[in-house]
Structure formats: structure tokens, C-alpha cells
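Accompanying notes for the structure given below.
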Amino acid sequence: MMEGGYTKYDKFHIWDFVSEQKAKGLVKHMGFSFHAGPKLLDQLLRAHPEVDFVQLQINYADWENPSVAARANYEVAREHGKSIVVMEPVKGGNLANPPAAVKKLFDEYHPDMSYASWAIRFVASLDGIITVLSGMSDTAQMEDNLSYMKKFQPLNGEEQKIIQQAQRILGNSSTIPCTACHYCTEGCPKHIPIPEIFSAMNKQLGNGQMAEAVSDYQKATISCGLASECIGCKQCERVCPQHLKIVDGLKQCAAALEKQGYR
Ligand code: SF4
Ligand code: SF4
């Protein structure tokens with residue numbers, strides 16, 4: 001569900017359709033994924049008390065981010081008594097490689113625990129969470145995930161304070177908050193690998209790793225469009241659930257990462 005699109009669900013009787021399937025026993029739990037603000041979520045949950053759960057984007061970095069409204073949406077869902085499925089707990093992988101100051105905080109308390117574990121445990125510690133869509137992409141990540149989720153321990157008071165410190169650091173971070181969902185890339189007429197470019201740029205913005213950023217940028221664009229080839233059509237910005245200013249971001253990346261004579 002996004003602003004502008006949710007009326008189609010009424011128009012095509014999707015709510016009724018799913019309720020009918022539920023009555024037949026073909027659907028066990030009815031819910032929806034949501035990418036807008038708390039006002040619309042409240043409106044939808046008032047209109048559709050039959051919904052069992054909502055799927056929300058929640059991570060510690062976006063807890064107070066006004067364009068994601070993680071905390072506000074979480075609170076609305078809980079006020080309506082809904083269970084929550086969490087998406088983007090690691091913010092598209094960004095929180096598996098947070099800025100150096102955040103890594104230092106985490107390492108001092110848990111030298112052996114992954115940075116992703118802090119992100120996943122933060123959301124799994126909230127009341128009402130039924131599933132965390134952890135987005136693991138290889139066996140090592142899955143094993144890491146299982147190591148702390150099999151016998152799950154919620155964050156303790158000290159860990160909560162460390163997360164708050166990390167949130168304050170990230171509030172001052174200039175990294176590009178792309179979650180690598182790839183919604184933007186399919187319709188790009190210049191085939192620009194937008195999330196990979198932003199991920200490369202974040203290595204410089206978050207950790208000061210310019211050489212790695214340039215190397216990642218070169219790998220990402222070797223057979224695709226360059227950031228500087230963006231024509232500003234804004235197709236990507238219209239579909240970005242994070243409401244990012246992608247065109248401006250690509251200009252920033254082109255200025256920082258494109259070497260003269262490259263390609
Ligand atoms: S604005 Fe640039 S990046 Fe976005 S779809 Fe158009 S060409 Fe691609
Ligand atoms: S749609 Fe937005 S958040 Fe998703 S990959 Fe593209 S820029 Fe990143």
C-alpha cells in the first residue's frame with residue numbers, strides 16, 4: 001500500500017476477495033505491506049478491522065526518520081491491536097556495515113556479534129512482532145541469523161542504550177538511506193544500477209572508504225549506465241518507497257566517484 005495506489009484495492013474489491021478466501025479457509029491471515037505514513041495507516045485500519053497484520057518497514061536507523069515513520073506506523077498498528085511483520089530490518093544491508101563510529105560502539109559491547117544481529121534483535125525485541133523478514137543472502141548470513149534467533153534474547157537495557165547512541169550517530173550521518181529494494185531500476189531508460197551506486201557511495205559517506213567506493217562503483221557500472229548518464233526523468237523517484245531524491249543523489253555520486261577518463 002502506498003499513497004495514491006490504495007484506492008485500487010477498493011475499486012477492484014481486493015479486500016472482499018481476500019475476506020472471501022479467508023472465510024473458505026484458503027487464506028489464514030490477512031494483511032498488507034505498507035509504505036506510507038501513520039495517517040493513512042490509521043485510516044486503512046479503521047476502514048478494515050478485518051485485517052490481522054501489517055507489514056512495516058522498521059529498523060533502528062529509521063525509527064524516527066520522517067520519510068519512513070517507522071515508530072509512528074508501529075504505534076498506529078499496535079493501537080489497532082495488529083500483529084506486525086517487519087521488512088527491511090537491516091535497511092537493505094546498510095546496517096550490516098554501519099558507519100565506523102557505530103561499529104565501535106557495538107564492538108565494545110559484543111566483539112563477537114555481527115552488526116546485522118543488533119539490527120535484527122532491535123526489531124525482534126518490539127512487542128507484537130510475529131516475523132522479521134531478515135533478507136539473508138547467503139549461508140553464512142543465515143547461520144549468523146540462526147545463532148541469535150534460535151534462542152532469542154531481547155535487547156537488555158544496556159543494549160537499548162547503545163542502540164540509542166547509534167541512532168544519534170546515524171541521525172548525523174550523511175549516508176544515502178537506500179534500502180536496495182530495486183523498485184527504481186526496472187523502468188530506468190539508462191539502465192543505471194541506482195542501489196549499487198548508492199551502496200558504493202555510502203562506503204565513502206559512512207566510513208570514509210573512498211578507494212572501496214570507487215572500486216564498487218566501477219564494478220557496478222561496468223556494463224550499465226553511469227550516474228552521470230541520468231537524464232533526470234524521475235521515473236525512479238516516483239516509485240521509490242523511501243522517497244529519495246535519486247537524481248540529486250546520482251549527481252553527488254557522479255561528482256565523487258567518476259574518474260576522468262573512466263570508460
Ligand atoms: S531519473 Fe535518471 S536514474 Fe531515474 S529513471 Fe530517469 S534516467 Fe534513470
Ligand atoms: S527504489 Fe529507492 S530505496 Fe529502492 S533501490 Fe531504488 S533508490 Fe533505493
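No lab work stands behind these numbers, since they all come straight from the coordinates. Since we're looking at a predicted model, the values are computed, not measured. Cβ sites come from the backbone with ideal geometry, for glycine too, and all protein chains shown count toward neighbours.
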Glu143 to Lys103: FRET efficiency via 1/(1 + (r/R0)^6), r the Cβ-Cβ distance, R0 22 Å, to the nearest 0.05? 0.60
In whole percent, the Cα-Cα distances of the chain spread across 10 Å bins from 0 upward as 6, 26, 32, 24, 10, 1, 0
Mind checking which aspartates and glutamates have their C-alpha under 15 Å from Lys151, skipping anything on the same chain fewer than 8 residues away? Glu143
Apply the Debye scattering formula to the range 1-111, with a single equal point scatterer on each alpha-carbon and no solvent, then give log10 I(q)/I(0) at q = 0.17, 0.24 Å⁻¹. -0.85, -1.33
If the chain between His48 and Cys233 were fully stretched, how many nm would it gain, using 0.36 nm times the residue separation less the Cα-Cα distance? 62.9 nm
Order of 217-228, 117-128 by packing, highest average Cβ count within 10 Å first? 117-128, 217-228
Isolated Cys in the chain, by beta carbon distance under 4.7 Å: Cys178, Cys181, Cys188, Cys224, Cys230, Cys233, Cys240, Cys253
Can you give the FRET efficiency for Gln165 and Met136, using 1/(1 + (r/R0)^6), R0 = 22 Å, r = Cβ-Cβ distance, to the nearest 0.05? 0.25
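Please arrange Arg78, Arg238 by how many other C-beta atoms lie within 10 Å of their C-beta, fewest to most.
Working: Arg78 15, Arg238 12.
Result, fewest neighbours first: Arg238, Arg78.
What size of dipole, in debye to the nearest 20, comes out for the range 7-171 about its Cα centre when the only charges are +1 on Lys and Arg C-beta atoms and -1 on Asp and Glu C-beta atoms?
On the way: 18 positive and 20 negative charges, 55 e Å.
Value, rounded to 20: 260 debye.
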Under 13 Å Cα-Cα from Lys103, which aspartates and glutamates qualify once same-chain neighbours fewer than 8 residues away are excluded? Asp112
Cβ-based exposure ranking for Ile84, Ile58, Ile129, in which fewest neighbours within 10 Å come first: Ile129, Ile84, Ile58
Rg followed by Dmax, in Å, when the range 221-263 is reduced to its Cα trace: 11.3, 34
If you line up the long axis of helix 100-109 against the longest principal axis of the chain, both from Cα atoms, how many degrees apart are they, to the nearest 10? 60 degrees
Too-long pairs where the Cα-Cα distance tops 24 Å, listed order kept, from Lys91/Lys245; Lys161/Lys203; Lys11/Lys234; Lys82/Lys234: Lys161/Lys203; Lys11/Lys234; Lys82/Lys234
On a straight-distance basis, which aspartates and glutamates could pair with Lys22 in a cross-link, Cα separation under 17 angstrom, same-chain partners fewer than 8 positions away excluded? Glu50, Asp52
Once Rh for the range 194-257 is found with the Kirkwood sum over Cα pairs, what is the Stokes-Einstein diffusion coefficient at 25 °C and 0.890 mPa s, in µm²/s? 207 µm²/s
Whole-angstrom gap from the range 147-214 to the range 1-26, using each part's C-alpha centre: 33 Å
Which pairs in the list Lys104/Lys150; Lys104/Lys190; Lys8/Lys251 are over 29 Å apart, alpha-carbon to alpha-carbon? Lys104/Lys190; Lys8/Lys251
For helix 70-79, what angle does its Cα long axis make with the longest principal axis of the chain, in degrees from 0 to 90 and rounded to 10? 10 degrees
